[in-house]
Amino acid sequence: MTRLPEEEHPNKAFGWAARDTSGVLSPFKFSRRATGEKDVAFKVLYSGICHSDLHMVKNEWGSSVYPLVPGHEIVGEVTAVGSKVQKFKVGDRVGVGCMVGSCQSCDSCTNKLENYCPKMILTYGAKYYDGTITYGGYSNNMVADEHFIVRIPDNLPLDAAAPLLCAGITVYSPLRYYGLDKPDLHVGVVGLGGLGHVAVKFAKAMGAKVTVISTSPNKKKEALEKLGADSFLVSRDQEQLQAAIGTLDGIIDTVSAQHPLLPLIGLLKTHGKLVLVGAPEKPLELPAFPLLQGRKIVGGSMIGGMKETQEMMDFAAKHSVKPDVEVIPMDYVNTAMERLLKADVKYRFVIDIGNTLKAA
Amino acid sequence: MSKSSEEEHPQKALGWAARDSSGTLSPFHFSRRENGDDDVTVKILYCGVCHSDLHTVRNDWGFTRYPVVPGHEIVGVATKVGNNVTKFKAGDRVGVGVMVGSCKTCECCQQDLENYCPRVIFTYNSHNPDGTINYGGYSDMIVVDQRYVVRFPDNLPMDAGAPLLCAGITVYSPMKYYGMTDAGKHLGIAGLGGLGHVAVKIAKAFGLKVTVISSSPSKESEAINRLGADSFLVSSDPSKMKSAIGTMDYIIDTVSAVHPLLPLLTLLKVNGKLVTVGLPNKSLELPIFPLVLGRKLIGGSDAGGMKETQEMLDFCAKHNISADIELIRMDDINTAMERLAKSDVRYRFVIDVANSLSQ
């Protein structure tokens, strides 16, 4: 007989879980494993709400296992460390992102790209080594192998740091990998949501000139005045698109809805790179001529490895790259999900777990 | 009244041109400019038949101006050089590829990437600075600015070497640009035609492991035994394709018909690169999940700059690489085009211009 979530492991935990494809979350009692010799256990203080959480609670990708406790932008304070843990001690400010395990022996893992390991274990909704399902950060405590723990520098407020663990690394990694991190490049960011607004901040910190490309004209003022973008292009405005042809060294495209690539490829200079970090479900049309005639590239990227995630966090602390967050109480989460669906947030919800998550 | 093609320029020339989108070619009298100070006049000995010639004569891409004289894999002998020409002298073996002009001042031109210059002038079906249309290598002679002429190595056969001027540079350039030259890495080559077969030879010279990916099982024996490929994957065989998933560091896709990209993307390892050099006339479907989940990329590449074209020729001379060709007479061109449309050639037709283009 399978055990109840409360009885699977020795340490009690509580959080909020979705029970079915309605995606509605409610209080949930479960348990976490004992802190192993390489584990770090921490009290969760904040958990960012990623659009992936919304996809997962509704089983839009077909892989969800219920009950599902989402959350992979988790920050808090260390409460216990295993006997072999070297890098962390009780009281440290730490975080966990999208993964909690990988094989540690394949080419990807050896190259510090655990995110591309075929046996990578997601922070929630995935099967852990002991056969149990992982539960994410909408919960009061967390335990993870030291390898997957990130230190949060002292000068980053914990609530603002949380979204860096997914949104941050998701845009930082391709800016580096595709060489869009050099000063004076002209980088475009498509979509001004959780990922997009952080991409603007990182690109600016790396010395780029940044153009936001968006379907919403009403985001222009904030993009320019608050986020520091240098210009704003309404992607449905043909004249604006025409005027910007061949001006961008690279584009970070955060939009996961179906959208045409041709106009974006046209905005690139020769040798320009279009990088997709949102993943539309259906294939997009790729016109060959513009790709060849300008020797352009369309590439993808997915979060980042652990070494790079720590590097990103340290870079963010050094350059004051702080996501713009709306901090909410735990019991607001369903309303937040509905607002997120309508893109009604500037620009990431973060759940104040420490102060508002009450025992179930 | 605009001048006829015979009267536009002072030097008489003879070639074969297509007059309409049937693509049928026939003799065509036209003219070439006087040999200027920077120019080299080339007596054309051989000209390769590139699939782009076929696309152009049939107006597949929608921008052909008739009459069109195709041909951009030209090998011949310099007969005259202008006063400013230092790199060539009369009697030199020379080649002309896909372009005959560019602006010479933009960033691309300054970086020896004339092929990406926004004002590049292609060897045929492009406008010259004086507004006239230019004509390609299915003809007896051509006048070209020295910058766009390459020295043809002595130890390369002129007929079998002609396809290198387009097919060769088209696969060599992306191998360099996309970093596909580390010995021991695994390159897949999709399509075994003019481009594909030259890609196999050049890739082996770089020390790569090569797998040919093709829809034609009949090409396997030649691919392995004659061209030197290490393995052959029939793209229509699902179980073979499945066993090759995630095994390739890079793929060069030479296929010019519309075809699915997903099977090719799955063959790539994490961080793998798919480079497309074929030009289908419709968009391809690009699934995004494989790109994102494996940090893969798809890039384009279009011929190469002049410096690199010379480098490629010298590389091929050093490694004894030339194309496998079927030499044809000029008046067999229409039959050759029909056979090319059915991929019935191993692996490039080359026109024996000097011996068969009659006055």
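The values are calculated or read from the model by the stated rules, or taken from the named source; none is laboratory data. Keep in mind that what you see is a predicted model, and the values were worked out from it rather than measured. Here Cβ is always computed from backbone atoms with ideal geometry, including for glycine, and neighbour counts include all displayed protein chains. These accessible areas exclude ligands, DNA and RNA; they are computed on the full protein's heavy atoms, side chains included. Shrake-Rupley method; radii C 1.70, N 1.55, O 1.52, S 1.80 Å.
Output the residue which, of all residues in region B:104-114 that are under 16 Å from residue B:307 (Cβ atoms) and open to solvent by 10 Å² or more (accessible area, probe 1.4 Å), is farthest from the other protein chains (Cβ to nearest Cβ).
Start the filter on region B:104-114 by keeping residues that are under 16 Å from residue B:307 (Cβ atoms), which leaves B:104, B:106-114.
After this cut, where a residue has to be open to solvent by 10 Å² or more (accessible area, probe 1.4 Å) as well, the list is B:104, B:106-108, B:110-113.
Numbers: B:104: 16, B:106: 9, B:107: 8, B:108: 6, B:110: 13, B:111: 10, B:112: 13, B:113: 8 Å.
Result: B:104.
Please note which helices (runs of 4 or more DSSP H) are completely contained in region A:255-360 and include at least 2 residues that are closer than 26 Å to residue B:280 by Cα, within 14 Å of chain B (Cβ to nearest Cβ) and in contact with a helix residue (DSSP H, G or I) (Cβ under 9 Å, 6 or more places away or on another chain). I'd like the intermediate steps shown before the answer.
On the way: elements: A:262-267, A:288-293, A:306-318, A:333-341, A:353-356.
Per the criteria, A:262-267, A:288-293.
Looking at region B:226-257 only, could you name the residues that are open to solvent by 30 Å² or more (accessible area, probe 1.4 Å), under 20 Å from residue B:272 (Cα atoms) and not in a strand (DSSP E or B)?
Across region B:226-257, the qualifying residues are B:230, B:235, B:240, B:242, B:243, B:245, B:246, B:247, B:255.
Residue B:354 versus (1) among the small types (Gly, Ala, Ser); (2) modelled with pLDDT of 95 or more; (3) farther than 24 Å from residue B:100 by Cβ: which is the lone unmet condition?
Evaluating residue B:354 over (1) among the small types (Gly, Ala, Ser); (2) modelled with pLDDT of 95 or more; (3) farther than 24 Å from residue B:100 by Cβ leaves (3) as the failure.
Within region B:276-298, is even one residue open to solvent by 40 Å² or more (accessible area, probe 1.4 Å), at the interface with chain A (Cβ under 10 Å from one of its Cβ atoms) and among the polar types (S, T, N, Q)? Let's see the steps before the verdict.
Restricting attention to region B:276-298, the residues satisfying the condition of being open to solvent by 40 Å² or more (accessible area, probe 1.4 Å) are B:281-283, B:285, B:289, B:293.
Checking which are at the interface with chain A (Cβ under 10 Å from one of its Cβ atoms) leaves us with B:281-283, B:285, B:289, B:293.
Next, from what is left, pick out any that are among the polar types (S, T, N, Q): B:281, B:283.
Checked against the condition, which is being open to solvent by 40 Å² or more (accessible area, probe 1.4 Å), at the interface with chain A (Cβ under 10 Å from one of its Cβ atoms) and among the polar types (S, T, N, Q), region B:276-298 yields at least one hit.
Just wondering, is there one or more residues in region A:37-57 that are in contact (Cβ under 8 Å) with a residue 40 or more places away in the chain, over 19 Å from residue A:324 (Cβ atoms), open to solvent by less than 10 Å² (accessible area, probe 1.4 Å) and touching a helix residue (DSSP H, G or I) at 6+ places or on another chain (Cβ under 6 Å)?
yes
Among the residues that make up region B:114-122, is at least one of them touching a strand residue (DSSP E or B) at 6+ places or on another chain (Cβ under 8 Å) and either on the phi > 0 side of the Ramachandran plot or assigned to a strand (DSSP E or B) (or both)?
Yes; the residues of region B:114-122 include at least one that is touching a strand residue (DSSP E or B) at 6+ places or on another chain (Cβ under 8 Å) and either on the phi > 0 side of the Ramachandran plot or assigned to a strand (DSSP E or B) (or both).
What number of residues within region A:14-36 are assigned to a strand (DSSP E or B), open to solvent by 50 Å² or more (accessible area, probe 1.4 Å) and over 17 Å from residue A:132 (Cα atoms)?
The initial filter retains those residues of region A:14-36 that are assigned to a strand (DSSP E or B), namely A:14-18, A:25-32.
From what's left, open to solvent by 50 Å² or more (accessible area, probe 1.4 Å): A:27, A:29.
From the residues that got through so far, the ones that are over 17 Å from residue A:132 (Cα atoms) too are A:27.
The qualifying residues number 1.
Give me the residue from region A:196-223 that is touching a residue at least 12 places away in the same chain (Cβ under 8 Å), open to solvent by 30 Å² or more (accessible area, probe 1.4 Å) and outside any loop (DSSP other than H, G, I, E, B) and, out of that set, nearest to residue A:240 (Cα to Cα).
Going through the qualifying residues, I end up with A:217.
Considering only residues that are part of a loop (DSSP other than H, G, I, E, B), away from chain B (no Cβ under 14 Å) and open to solvent by 40 Å² or more (accessible area, probe 1.4 Å), which ones fall in region A:114-130? Give the steps one after another, and end with the answer.
Applying the first criterion (part of a loop (DSSP other than H, G, I, E, B)) to region A:114-130 yields A:117-120, A:123-126, A:128-130.
In the following step, the residues that additionally are away from chain B (no Cβ under 14 Å) were identified as A:123-126, A:128-130.
Result: A:129, A:130.
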